[in-house]
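Notes for the one structure printed next.
What follows draws every value from the coordinates through simple rules; no lab data is involved. Note that the structure is predicted; figures quoted are calculated from it, not measured. Using ideal geometry, Cβ is built from the backbone for each residue, glycine included, and neighbour counts are taken over all protein chains shown.
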Amino acid sequence: MVELIIWTIVKILFILGFTMTLAGVLTVVDRRESSMIQDRIGPNRANLSGDVWDLSKRWRFLGLLHLLADGIKMIFKEDYSIKSGNRWIHTFAPVLAFFPGLVILSIIPFGGNVTLFESSTNLQIASFNSGILLAFAFSSIAVYGITLAGWSSNNKFSLLGGVRATSQMISYEVVLGLTLMGIFMIYGTLELNAIVQGQQALKADGTPDLIFGFLPKWGIFLQPLAMLLYVAAATAETKRAPFDVPEAESELVSGFFTEYGSMKMGMFLFAEYAEVVIFSMIFTTLFLGGYHVPYLYDSGFIFPFNWGTVSMNPTLIGFIQMFMFLLKTLIVAWGHLVIRWTLPRFRYDQILKLGWKMILPLALANIVVTAIILSII
Amino acid sequence: MAKKGIVVSKHKYTLSEKLYYPEIFKGMGVSIRHFFANIFKKKYTVTLQYPEQKESYTERFRGKHRLMTREDGSLRCVACMMCATACPAECIYIEAEDVGDSLVEKRAKLFVIDELRCIFCGLCVEACPTDAIRMDTGEHVEPEYTREAFIYDKKKLLQKTGRSVAIQGGDSDYIHKN
Ligand code: SF4
Ligand code: SF4
């Protein structure tokens, strides 16, 4: 029992620390990456060495110190509270937008089975059999934060942003669930760790279960259409470009958080990046084989085409798998930022049209085709 | 009479454009190409890191004023007020004093230019008969914290000084002959 509690606390601290750090770093990486894509240099001025006039002698750490500078600025800024509107809800809304997303972390398997100090555990905080449904439930609670923020600000632009967010997120929630249905049908479970196990399993006779003899059975290979649709729907859920109408700077000042300042606004911004990290984790789990390294099984590498096997220490494998999961998450998050800096914003009606008239029918068709194929095999 | 309008043809979308995803991947390809080209080599980036890297101005750039000196180090200005008269912004203030030299007669006791009022037209340089004032420093006026700091006195104007070998008051042989 004590063992379980200690493990759980360690796991919570680890995954929460990783998510927070990555989300924080992403705030800077987002700006630097966008500048690289747009042929600029981006923020690189914050430095630790003071005003050394020689550029190369400044300790600037690739501009990552701007994260620190931003944090200090946000915390010490005047915490302006509105004169009219509902001040209680106004203060509470950022919390509501930020924390529900973090609950999703509890169901994500971020590594296989590891053994440390003679006690072994699965690197997943909680294993619910309703699994991914919990993620959907909590990501829809985040809508409340945004809607309430827009409503309580007593500002037309905030209200418009809140209303847009509501309609966008509610319609994409439907789509989000349906796009993943094919995955659930193939792996026969909603539990994320079981899905990950299903993506790289051994057959009953101990040989690897591969497509065409070399591709692992990852979601991306079995459900490519679902993958594309899911990325679109999930991007809409994170409210980032091209689906950023709720905050549309050019139309709505900054949408639902127009009336926010200091760390409250910081929380909205931070929530956005935390959502990106969580999206990347779920995407990795469902489509990229989670923590699996291709051809690495519980006993070691088993290469296809009879290229031989390499056996390894199970604990080492556990840590390699954890590292792999974090690496995949990083790459997916990076790709997500690339999408954000490539596409222009959709018009409001185009977003709803895309969701209801295109993604929804395609997702349904995907389910039907998957069901037919599954029943044939 | 029937109105004549211009018929605008609608853009015909190709299949890959209608499907949307191929175009997104193409766009992402462009983004990623630029990202990697810029992150390692700054291939397309043209940004100048300003305070450390500067683009030099052209030779004819009219920058901060400076006062010139003679070979013996004294100020060339003879306080003739030509520059102050020519100045359209009226930002030059000169107080003259007697030198007791029959050739030069006067020199500037005070020579003040308000660089905030100055419009950098260069007329003062044109007007000066003794090549005492120049604007060829190649620097613009630096930002300051107070307005007073922009009022440059003789000391500040002499910081970038140089010797001018122009013959003061014209041909000296001519003066000595008469
Ligand atoms: S540059 Fe023009 S405005 Fe400035 S001091 Fe000379 S004459 Fe006056
Ligand atoms: S015109 Fe030349 S010599 Fe005359 S006062 Fe001005 S700077 Fe001095």
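Observations on the structure shown:
- Taken about its Cα centre, chain A carries a charge dipole of about 760 debye when Lys and Arg each add +1 at the Cβ and Asp and Glu each add -1 at the Cβ.
- Top of A:Phe61, A:Phe303, A:Phe128 by mean-square fluctuation, Gaussian network on chain A, Cα under 10 Å: A:Phe61
- Centroid-to-centroid separation of segment A:28-44 and segment B:134-158 [C-alpha atoms, Å]: 36 Å
- Of A:Leu288, A:Leu180, A:Leu296, the one that fluctuates the most in a GNM where chain A has Cα springs shorter than 10 Å: A:Leu296
- Cα-centred dipole magnitude for segment B:15-55, charges only on beta-carbon of K, R (+1) and D, E (-1), debye, nearest 20: 140 debye
- Principal-axis tilt of helix B:21-41 within chain B, Cα atoms, nearest 10 degrees: 30 degrees
- Least to most buried among B:Arg60, A:Arg340, B:Arg33, B:Arg107 (fewest other Cβ within 10 Å first): B:Arg60, B:Arg33, B:Arg107, A:Arg340
- Checking every one of the GluC sites (Glu not before Pro) in segment B:1-102 against DSSP loop status and a limit of 13 other Cβ atoms within 10 Å picks out B:Glu52, B:Glu55, B:Glu59, B:Glu71, B:Glu90.
- 12 Å reach of a label modelled at A:Asn154, 7 Å along Cα-to-Cβ, counting backbone N of segment A:69-83: A:81-83
- In degrees, nearest ten, helix A:2-37 long axis to first principal axis of chain A (Cα): 60 degrees
- Karplus (6.51, -1.76, 1.60) ³J(HN,Hα), θ = phi - 60°, over segment A:97-110, in Hz, Gly and Pro reported as x: 7, 8, 6, x, x, 5, 4, 4, 4, 5, 9, 8, x, 9
- When the charge dipole of segment B:1-117 is built from unit charges on Cβ atoms (+1 for Lys and Arg, -1 for Asp and Glu) and taken about the Cα centre, the candidate among B:Thr58, B:Cys83, B:His34 whose Cα reaches farthest toward its positive end is B:His34.
- Over chain B: helical MRE at 222 nm, DSSP H runs n ≥ 4 each giving -39500 (n - 2.57), nearest 500: -7000 deg cm²/dmol
- Partner shielding of B:48-54 amounts to 2, given as the average count of beta-carbon atoms from other chains within 10 Å of each residue beta-carbon.
- Charge dipole magnitude, Cβ of K and R +1, D and E -1 - segment A:225-360, Cα centre, debye nearest 20: 260 debye
- Neighbour-count order for A:Ser152, A:Ser171, fewest beta carbons within 10 angstrom listed first: A:Ser171, A:Ser152
- Taking one quarter of the surface of the C-alpha convex hull of segment B:15-55 gives a mean projected area of 4.0 nm².
- Shielding by partners, peptide A:224-233 (average Cβ within 10 angstrom, other chains): 1
- Chain A: angle of helix A:156-179 to the longest principal axis, Cα-based, in degrees nearest 10: 10 degrees
- Note on A:41-47: average number of Cβ atoms from other chains within 10 Å of each residue's Cβ is 2.
- Hydrodynamic radius of the protein assembly as shown per Kirkwood, over alpha carbon pairs, in Å: 29.3 Å
- A:Ile9-B:Thr161 pseudo-label distance in nm [points 7 Å out on the Cα-to-Cβ vector]: 7.5 nm
- Our helix-only sum for chain A, with -39,500 (n - 2.57) per DSSP H run of n ≥ 4 divided by its residues, gives a mean residue ellipticity at 222 nm of -19500 deg cm²/dmol.
- Residue-span extension gain [A:Trp59 to A:Ile72] - 0.36 nm each, minus C-alpha spacing: 2.8 nm
- Longest stretch of chain A clear of exposed loop sites (GluC sites (Glu not before Pro), DSSP loop, at most 14 other Cβ atoms within 10 Å, sites excluded): A:119-377.
- Each of the chymotrypsin sites (Phe, Trp or Tyr not before Pro) that DSSP puts in a loop and that has at most 16 other Cβ atoms within 10 Å breaks chain B; the longest unbroken stretch is B:62-119.
- For segment B:66-177, the alpha carbon positions stretch 52, 25, 22 Å along the principal axes, listed from largest to smallest.
- Relative contact order, whole percent, for chain A stands at 21, derived from Cα pairs under 8 Å and 6 or more residues apart.
- Förster-model FRET efficiency, 51 Å R0, A:Leu215 and A:Arg347, C-beta, rounded to 0.05: 0.85
- Per-residue Cβ neighbour counts within 10 Å put B:Cys128, B:Cys83 in the sequence B:Cys128, B:Cys83, beginning with the fewest.
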